[in-house]
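Q: Before we start, here is the structure in question, set down as structure tokens.
The values are calculated or read from the model by the stated rules, or taken from the named source; none is laboratory data. Please read these numbers as outputs of a predicted model, since none were measured by experiment. For neighbour counting, all protein chains shown are included, and Cβ atoms are generated from backbone atoms with ideal geometry for every residue, glycine included.
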Ligand SMILES: Cc1cc2nc3c(=O)[nH]c(=O)nc-3n(C[C@H](O)[C@H](O)[C@H](O)COP(=O)(O)OP(=O)(O)OC[C@H]3O[C@@H](n4cnc5c(N)ncnc54)[C@H](O)[C@@H]3O)c2cc1C
């Protein structure tokens with residue numbers, strides 16, 4: 001996927017010829033140096049494909065690092081905040097990693113492919129940090145971002161479509177499980193993972209298989225209303241489902257230049273991923289101190305009154321500004337107006353009643369709206385299908 | 001229950017000083033050293049039959065006198081020679097003599113003398129300021145507490161007490177290099193290079209390298225620490241180490257020599273003790289290391305035992321050295337053109353003009369031997385005849401710049417370099433070569449092997465502003481504590497740095513006691 005496209009200086013993914021052909025809106029964005037569609041034909045319809053049938057999202061630009069060698073597990077245990085030993089072979093774990101100050105650098109998924117064989121799938125480029133982390137460990141890190149193409153195949157009919165493709169007994173695969181198949185003589189790996197909060201899978205193949213995979217998926221999925229989705233539709237789904245996004249809901253610690261703009265796991269509501277039982281991991285001592293002293297911020301999910309998305313809003317408690325919104329959307333399935341906010345302590349506990357100061361514009365006319373909102377304790381969209389095994393038939 | 005309150009790795013002067021202060025405060029302390037004698041780089045060795053030399057450090061010029069008093073080192077046997085003048089040898093025999101604030105010879109005129117006095121006055125006021133910082137733990141960059149604020153206030157006050165011109169000058173010159181500063185103040189070439197020599201001694205830098213002003217001021221603190229000039233220690237530098245060992249034992253510390261620490265033991269998130277090469281394990285509440293930071297963290301603790309950001313800092317910590325020692329056993333007293341016999345006991349230096357110093361440095365960068373060197377010479381046997389067989393003498397010289405690993409290798413490189421160095425000396429002391437009965441060149445990698453400091457580095461890591469003061473040895477492990485619970489630093493790799501100063505050891509002990517870490 002390394003060819004520089006003729007029209008742009010951005011890279012293209014192995015699915016590009018197919019993506020381009022389907023991208024009716026010709027609406028492109030730059031995702032980590034790759035040209036990727038913001039939307040194919042209609043954001044809302046794409047979103048509804050994920051919620052009602054199957055949506056396909058090209059996630060090839062994600063960074064993939066293979067970690068192998070006798071110390072692979074020990075290496076990862078020092079790198080990430082959770083206990084890597086709890087991720088079995090052919091399982092995936094959601095993880096975050098911090099710098100020595102206990103500030104979140106990125107989140108991602110750890111795929112355990114063998115006893116001492118892992119793949120880190122991350123949003124940010126992490127070559128430098130992963131390389132520094134090898135000091136003192138017998139591990140090899142290989143950036144296989146370009147050697148692995150990936151599609152997220154998400155939605156209620158996704159299992160059926162993938163089964164038609166040859167993923168036998170896929171309905172038996174548990175959430176966060178990995179299954180291995182072959183596709184046209186090459187390996188195809190499926191993980192029951194995703195960013196949408198519903199039944200869904202991610203499919204991983206060598207780049208040579210990419211175009212054929214896309215063609216067959218859309219061919220076999222036609223009756224199941226399979227649709228390609230762009231990043232805007234995915235954004236809607238992930239906000240509804242409660243997933244954070246690096247560079248949006250927090251700044252990766254390594255990219256921050258201003259003091260105080262980084263966030264710790266506790267400040268992002270990700271304390272459950274921090275396992276102090278491990279004697280050593282990056283950020284441990286700083287996080288222990290934070291636990292003692294208290295955090296500066298709290299991550300809050302807000303249910304905002306009205307239907308105006310609280311994008312970039314200030315959050316008020318009485319007259320006092322206590323926070324700002326990082327992500328916001330009107331969520332069509334949950335029929336709720338959701339916002340993620342960073343709230344200064346001690347505000348923002350579940351049940352806290354706050355006000356979002358929303359500015360919106362219609363035909364160059366700006367309106368200021370003070371919308372009451374409430375801190376909720378869980379994502380607004382909850383699909384039982386996400387956790388059911390065998391995967392429910394649609 | 002642990003075997004000791006504290007284990008100190010390294011019986012160098014800093015380790016012994018730290019041990020003494022802790023033991024004086026009633027703590028049980030064990031000092032371990034791989035070497036057979038105490039003192040670390042303060043060591044004496046018989047390198048030829050009957051010839052004993054200070055085989056690493058040779059001058060005592062910046063030792064903190066409050067330590068001499070606190071530990072009663074005189075009673076412990078410390079005897080110093082007379083303060084020495086610095087004589088910068090010139091090929092025509094008309095040498096430049098620097099004695100305190102006066103300079104003479106080598107055609108210096110009254111303008112040079114006045115400039116020198118002004119320069120010294122300025123340096124003295126800057127060095128005084130640094131001494132304030134040196135005698136206390138370095139303030140933290142962020143999150144200061146009251147002690148740090150007090151230090152900063154003292155510093156602020158001292159800064160205020162500087163005249164406005166001096167303050168402006170300090171801000172300006174501390175980041176530039178000694179080459180430019182010399183050219184601003186002086187026109188006399190030999191005067192410039194002789195001062196510049198003090199700025200590059202023990203570093204891996206040439207006069208044009210940034211940070212050389214800082215390293216010059218570092219050496220200039222000696223005057224404020226109560227030391228009067230450069231001296232030799234009677235009995236050789238090892239006697240200094242020995243006196244510190246005697247004092248430490250008197251304070252109640254236990255010293256165990258010939259015991260190399262192989263690992264610093266850690267369970268969960270705390271240091272528990274050390275393991276020796278014999279396999280013996282010894283436990284303690286704290287481990288305080290005077291081994292250099294690279295040895296301490298990389299070799300003894302291990303990168304896998306620390307957070308990755310810290311491992312990165314250790315890996316990036318610079319500890320190269322271009323400093324070697326030349327030891328010559330002489331069948332008689334050499335004669336130097338233009339020097340009287342009594343002058344032979346002074347500190348003799350040979351340096352090309354500043355441009356030549358840079359030229360002398362260049363080959364080192366490319367792992368080659370130079371044909372031009374800088375010498376800092378002592379003939380200790382004049383003041384202390386017992387160090388050599390009767391009628392014979394030894395010459396020891398600190399020599400710059402010598403590569404760590406020359407491409408031709410040291411087996412071929414050493415004889416070649418020894419010949420080169422002796423022939424350079426012949427230019428000032430004709431006939432000296434014929435007096436040489438034994439010669440020895442000790443290169444940085446030899447020091448690494450014999451004295452245990454990574455890269456053979458004088459300061460246990462380059463003393464540059466990015467690795468100094470509140471950043472020494474690196475952020476996250478300052479103020480003698482490290483990011484690893486229970487592990488402290490007390491050697492030259494800690495604030496304020498290297499040289500026989502004693503402050504890292506003293507400050508570390510004070511900090512540990514103040515924190516109530518024991
Ligand atoms: C060539 C040369 C010439 C110098 N000349 C002068 C000079 O003239 N004047 C001056 O003031 N300074 C001089 N210095 C600098 C000065 O010698 C040092 O900065 C100073 O001695 C450092 O003291 P220290 O106690 O911190 O460490 P050291 O004296 O280095 O002591 C550290 C001790 O730790 C021990 N150790 C290390 N690892 C282990 C282990 N794993 N187990 C057990 N023990 C261990 C070592 O054996 C050593 O004894 C010179 C340095 C060099 C290299």
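Q: Being in contact with a strand residue (DSSP E or B) (Cβ under 7 Å, 6 or more places away or on another chain) and within 14 Å of chain A (Cβ to nearest Cβ) is the filter here; which residues of the range B:247-268 pass it?
A: Let us first name the residues in the range B:247-268 that are in contact with a strand residue (DSSP E or B) (Cβ under 7 Å, 6 or more places away or on another chain), namely B:248-249, B:253-256, B:259-266.
Within the range B:247-268, B:263, B:264, B:265, B:266 meet the criteria.
Q: For the range B:488-515, which positions are outside any loop (DSSP other than H, G, I, E, B) and surrounded by 24 or more Cβ atoms within 10 Å (Cβ to Cβ)? Can you show your working first?
A: Of all residues in the range B:488-515, those outside any loop (DSSP other than H, G, I, E, B) come to B:488-489, B:503-515.
Scanning the range B:488-515 gives B:488, B:489, B:503, B:504, B:505, B:507, B:508, B:509, B:512.
Q: Of everything in the range B:283-306, what is within 12 Å of chain A (Cβ to nearest Cβ), crowded, with 22+ Cβ neighbours inside 10 Å and part of a loop (DSSP other than H, G, I, E, B)? Give them in sequence order.
A: B:306
Q: Does the range B:337-351 contain any residue that is outside the structural domain of residue B:203 (by TED's automatic domain parsing), surrounded by fewer than 20 Cβ atoms within 10 Å (Cβ to Cβ) and in contact with a helix residue (DSSP H, G or I) (Cβ under 9 Å, 6 or more places away or on another chain)?
A: Checked against the condition, which is being outside the structural domain of residue B:203 (by TED's automatic domain parsing), surrounded by fewer than 20 Cβ atoms within 10 Å (Cβ to Cβ) and in contact with a helix residue (DSSP H, G or I) (Cβ under 9 Å, 6 or more places away or on another chain), the range B:337-351 yields no hits at all.
Q: Something else: Within the range B:29-56, which residues are more than 10 Å from the ligand (Cβ to nearest atom) and touching a residue at least 40 places away in the same chain (Cβ under 8 Å)? First the steps, then the outcome.
A: We begin by selecting, within the range B:29-56, every residue more than 10 Å from the ligand (Cβ to nearest atom); these are B:29-30, B:44-53.
Residues satisfying the conditions are B:29, B:30, B:44, B:45, B:47, B:48, B:49, B:50, B:51, B:52, B:53.
Q: Any residue at all in the range B:407-419 that's surrounded by fewer than 16 Cβ atoms within 10 Å (Cβ to Cβ), within 16 Å of the ligand (Cβ to nearest atom) and free of Cβ contacts under 8 Å to residues at least 24 places away in the same chain?
A: Looking for residues that are surrounded by fewer than 16 Cβ atoms within 10 Å (Cβ to Cβ), within 16 Å of the ligand (Cβ to nearest atom) and free of Cβ contacts under 8 Å to residues at least 24 places away in the same chain, one finds none in the range B:407-419, hence no.
Q: Could you please find all residues in the range B:1-28 being touching a strand residue (DSSP E or B) at 6+ places or on another chain (Cβ under 7 Å), part of a helix (DSSP H, G or I) and near the ligand (Cβ under 8 Å from one of its atoms)?
A: Selection gives B:13, B:15, B:16.
Q: Which residue, of A:306, A:260, A:271, is without any contact (Cβ under 8 Å) to a residue 60 or more places away in the chain, farther than 25 Å from residue A:154 by Cα and away from chain B (no Cβ under 14 Å)? So that I can check it myself, show each step before the final result.
A: Working: A:306 fails: without any contact (Cβ under 8 Å) to a residue 60 or more places away in the chain; A:260 fails: away from chain B (no Cβ under 14 Å).
When all the criteria are applied, what remains is A:271.
Q: Find the helices (runs of 4 or more DSSP H) located wholly in the range A:1-100 whose residues include 1 or more that are under 20 Å from the mean Cα position of the chain (by Cα), and list them. Can you show your working first?
A: Details: elements: A:16-22, A:43-52, A:72-79.
Where helices (runs of 4 or more DSSP H) fall fully within the range A:1-100 and carry at least 1 residues being under 20 Å from the mean Cα position of the chain (by Cα), they are A:43-52, A:72-79.
Q: While we're on this one: Within the range B:91-119, can you find the residues that are surrounded by 17 or more Cβ atoms within 10 Å (Cβ to Cβ) and assigned to a helix (DSSP H, G or I)?
A: B:112, B:115, B:116, B:119
Q: Oh, and also: Of all residues in the range B:307-321, count the ones that are more than 23 Å from residue B:8 (Cβ to Cβ), facing chain A (nearest Cβ under 8 Å) and in a helix (DSSP H, G or I).
A: Count: 5.
Q: Now a separate question. Regarding residue B:424, is this residue over 24 Å from residue B:36 (Cα atoms), within 14 Å of another protein chain (Cβ to nearest Cβ) and either in contact (Cβ under 8 Å) with a residue 40 or more places away in the chain or touching a strand residue (DSSP E or B) at 6+ places or on another chain (Cβ under 7 Å) (or both)?
A: Values: over 24 Å from residue B:36 (Cα atoms): yes; within 14 Å of another protein chain (Cβ to nearest Cβ): no; either in contact (Cβ under 8 Å) with a residue 40 or more places away in the chain or touching a strand residue (DSSP E or B) at 6+ places or on another chain (Cβ under 7 Å) (or both): yes.
No: the conditions fail for residue B:424.
Q: Still on this structure, please answer the following. For residue B:434, which of the numbered conditions (1) closer than 27 Å to residue B:359 by Cβ; (2) more than 16 Å from the ligand (Cβ to nearest atom); (3) in a helix (DSSP H, G or I); (4) at pLDDT 95 or above fails to hold?
A: Unmet condition: (1).
Q: Please find, within the range B:495-518, the residue that is farthest from the other protein chains (Cβ to nearest Cβ) out of those that are on the phi < 0 side of the Ramachandran plot and near the ligand (Cβ under 8 Å from one of its atoms). Show your work before the answer.
A: Here is the first cut: in the range B:495-518, the ones on the phi < 0 side of the Ramachandran plot are B:495-496, B:498, B:500-501, B:503-515, B:517-518.
Next cut, near the ligand (Cβ under 8 Å from one of its atoms) only: B:498, B:500-501, B:504-505.
On the way: B:498: 25, B:500: 33, B:501: 30, B:504: 24, B:505: 26 Å.
Ranking the candidates gives B:500 first.
Q: Right, another one. Being part of a helix (DSSP H, G or I) and either within 14 Å of another protein chain (Cβ to nearest Cβ) or more than 22 Å from residue B:304 (Cβ to Cβ) (or both) is true for just one of A:289, A:277. Which residue is that? Walk me through it before giving the result.
A: On the way: A:277 fails: part of a helix (DSSP H, G or I).
On inspection, the qualifying residue turns out to be A:289.
Q: Limited to the range A:92-103, what total is found for residues that are away from every other protein chain (no Cβ under 14 Å) and buried (at least 20 other Cβ atoms within 10 Å of the Cβ)?
A: From the range A:92-103, those away from every other protein chain (no Cβ under 14 Å) are A:92-96; that's our starting set.
From what's left, buried (at least 20 other Cβ atoms within 10 Å of the Cβ): A:92-93, A:95-96.
Residues flagged as away from every other protein chain (no Cβ under 14 Å) and buried (at least 20 other Cβ atoms within 10 Å of the Cβ) within the range A:92-103 amount to 4.
Q: While we're here: Quick one: would you say residue B:479 is within 8 Å of the ligand (Cβ to nearest atom) and in a loop (DSSP other than H, G, I, E, B)? Steps first, answer last, please.
A: Details: within 8 Å of the ligand (Cβ to nearest atom): no; in a loop (DSSP other than H, G, I, E, B): yes.
So residue B:479 does not fit the description; no.
Q: For the range A:138-155, state whether one or more residues are within 14 Å of another protein chain (Cβ to nearest Cβ) and not in a strand (DSSP E or B). Working first, answer last.
A: Step one: of the range A:138-155, the residues within 14 Å of another protein chain (Cβ to nearest Cβ) are A:138-139, A:141.
Imposing the further condition that a residue be not in a strand (DSSP E or B) reduces the set to A:138-139.
There is at least one residue in the range A:138-155 that is within 14 Å of another protein chain (Cβ to nearest Cβ) and not in a strand (DSSP E or B).
Q: Sticking with this structure for a sec: If only one of B:468, B:492 is closer than 30 Å to residue B:25 by Cα and either outside the structural domain of residue B:313 (by TED's automatic domain parsing) or within 13 Å of the ligand (Cβ to nearest atom) (or both), which one is it?
A: Numbers: B:468 fails: either outside the structural domain of residue B:313 (by TED's automatic domain parsing) or within 13 Å of the ligand (Cβ to nearest atom) (or both).
The unique qualifying residue is B:492.
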